[in-house]
Amino acid sequence: MKTDLLIIDLQVDFCDPNGSLFVPGANEDIKRLSDFIRDNKKRINDIHVTMDMHHEIDVAHPIFLKDSNGNHPKPFTIINIDDVKSGKITTTNPSFLPRFTKYLQSLLDNGRYPHCVWPPHCLIGSEGSNIQKDLFEVLLEWEREEFGIVNYVTKGSNFWVEHFSAVQAEVPDPEDPSTQLNIQLIETLQKVDRILISGQALSHCVANTIRDIADNFGEENIKKFVLLEDTSSSVPGFESLGEHFINEMTGRGMKVSNTKDFVW
């Protein structure tokens with residue numbers, strides 16, 4: 001049985017307690033995943049690793065927006081289209097306002113998550129954007145010993161759109177292929193027998209990545225998914241999103257296990 005491992009956004013800013021958007025529990029999740037990979041190198045055929053990559057100027061960073069007093073919104077503020085239409089919130093660059101308003105409307109129309117302001121994170125070229133060091137060492141071990149090549153997939157560099165999902169932006173930009181559906185990754189995963197899932201955060205990037213793959217996968221293929229739930233945590237305050245994701249996807253055929261009880 002061909003088994004691939006899909007690792008979502010296990011980067012310093014999410015996984016290190018000093019990271020700018022640390023997900024509590026992620027440091028312990030990393031230890032369990034690293035041990036799992038080290039113990040099962042020969043059983044894992046391929047590894048796919050997604051990486052969040054942002055500019056400081058980004059639609060989801062405080063600097064992009066300001067309130068009626070000229071203050072940037074604090075991280076974790078939820079912005080909806082009524083905030084913009086009422087003048088409560090606007091864009092720091094006035095010329096960005098029409099496009100941002102259209103973006104918020106698209107999120108609403110497409111049933112995507114409401115727009116959230118996050119601390120600046122995974123800035124391109126920063127230490128925070130790197131794969132967490134313990135995991136990176138294990139990935140290098142796997143490459144050397146299995147003579148394999150980890151498939152690194154980056155996303156999030158288009159500052160106009162949020163990019164939780166590793167296979168498409170929340171609102172794909174028709175002029176930017178990097179925001180559009182990653183058909184190559186989806187087709188690669190379709191060819192394997194089992195896909196182990198790990199990453200941060202369960203409530204956001206893991207949930208949206210797996211949903212988007214599943215929606216373009218065919219229902220039978222969803223049975224290939226196995227979430228290693230002891231290697232993934234939710235952003236505090238958004239735990240219900242992680243729980244909803246698990247309930248939704250297990251209802252569609254995804255399996256749930258952990259690194260200790262997983263049966264090969």
Q) On the given criteria, is D82 under 30 Å from D109 (Cα atoms), out of contact with any strand residue (DSSP E or B) (no Cβ under 9 Å at 6 or more places or on another chain) and of a type outside the set (A, V, I, L, M)? A) yes
Q) So which residues in region 61-83 are hydrophobic (A, V, I, L, M, F, W, C) and within 17 Å of F159 (Cα to Cα), if there are any at all? A) I63, F64, L65, I79
Q: Go through K66, K102, K31, K85 for me and flag whichever is in the same structural domain as D134 (by TED's automatic domain parsing) and not polar (S, T, N, Q).
A: K31
Q.
Give all pairs with beta carbons closer than 6 Å in which a residue from region 239-253 that is in the same structural domain as E229 (by TED's automatic domain parsing) meets a residue that is part of a helix (DSSP H, G or I) and of a type outside the set (K, R); count only pairs at least 6 apart in sequence or on separate chains.
A. L241/S203; G242/L202; G242/S203; F245/A207; R252/I222; G253/I222
Q. Do any strands (runs of 3 or more DSSP E) lying entirely in region 11-99 carry at least 3 residues that are in contact with a helix residue (DSSP H, G or I) (Cβ under 9 Å, 6 or more places away or on another chain) and surrounded by 13 or more Cβ atoms within 10 Å (Cβ to Cβ), and which ones are they?
A. 46-52, 89-91
Q | Subset of region 186-201 [buried (at least 21 other Cβ atoms within 10 Å of the Cβ) and within 16 Å of N45 (Cα to Cα)] | A | I195, L196, I197, S198
Q) Checking H48 against (1) assigned by TED's automatic domain parsing to the domain that holds K133; (2) over 25 Å from I213 (Cα atoms), which single condition isn't satisfied? A) (2)
Q: Being more than 30 Å from P120 (Cβ to Cβ) and surrounded by 14 or more Cβ atoms within 10 Å (Cβ to Cβ) is the filter here, so list the residues in region 144-185 that pass it.
A: E146, G148
Q: Would you point out the residue of region 1-10, among those that are in contact with a helix residue (DSSP H, G or I) (Cβ under 7 Å, 6 or more places away or on another chain) and in a loop (DSSP other than H, G, I, E, B), that is farthest from M51 (Cα to Cα)?
A: L10
(Q) Checking the conditions here, which among R211, R252 is more than 15 Å from L6 (Cβ to Cβ) and either modelled with pLDDT of 95 or more or surrounded by fewer than 20 Cβ atoms within 10 Å (Cβ to Cβ) (or both)? (A) R252
**Q.** Any pair with Cβ under 9 angstrom, 6 or more apart, that starts in region 67-87 at a residue that is of a type in the set (S, T, Y) and ends at one that is in a helix (DSSP H, G or I) and at pLDDT 95 or above
**A.** T77/P62
Q) Any idea which of E170, E175 is over 19 Å from the mean Cα position of the chain (by Cα) and at negative phi? A) E175
Q: Specify the residue that is nearest to S34 (Cα to Cα); the eligible residues are those in region 220-264 that are out of contact with any helix residue (DSSP H, G or I) (no Cβ under 6 Å at 6 or more places or on another chain) and basic (K, R).
A: K260
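The values are calculated or read from the model by the stated rules, or taken from the named source; none is laboratory data. Please read these numbers as outputs of a predicted model, since none were measured by experiment. Cβ sites come from the backbone with ideal geometry, for glycine too, and all protein chains shown count toward neighbours.
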